[in-house]
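Where a number appears in this text, it was derived from the coordinates with a stated rule and is not lab data. From a predicted model like this one, the values you see are computed outputs, not experimental measurements. Cβ coordinates were reconstructed from backbone atoms using ideal geometry, including for glycine residues, and neighbour counts include every protein chain displayed.
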Amino acid sequence: MQAELIEKENLNAIRFINREVLSNPQDIVSRAASLTRALILGNAHQGKVKLKFKTENNETLSVYTTVWTVAENYITVKANRFIPIHSIMSVEF
């Protein structure tokens, strides 16, 4: 599925979907592991990843950015923007 690439500075204007976008429990576990890898890449090497996510309107978007923190429900990316984990469909390295 093709996703429009947006700038990280535009994340504050996005209204994220309010439900889990992944239905398979194994995919949810895999996403958590990928976010941890992205966190290490971002903090140790300032490396970027492509995050694909869903909006409130069920639109698929992506952003190429550095992951700075991973919390229980949200991640923080460069420029202090937040993305709810349940809205993230994939992490590409």
Original post:
Separation between the residue 32 and residue 80 pseudo-spin-labels, each 7 Å from Cα along Cα→Cβ, expressed in nm?
Top reply: 2.9 nm
Subject >> Label-point gap, in nm, between residue 19 and residue 59 - each point 7 angstrom along Cα→Cβ >> reply: 2.0 nm
Original post:
In which sequence would 93, 82, 53 go, from the one with the fewest C-beta neighbours within 10 Å to the one with the most?
Top reply: 93, 82, 53
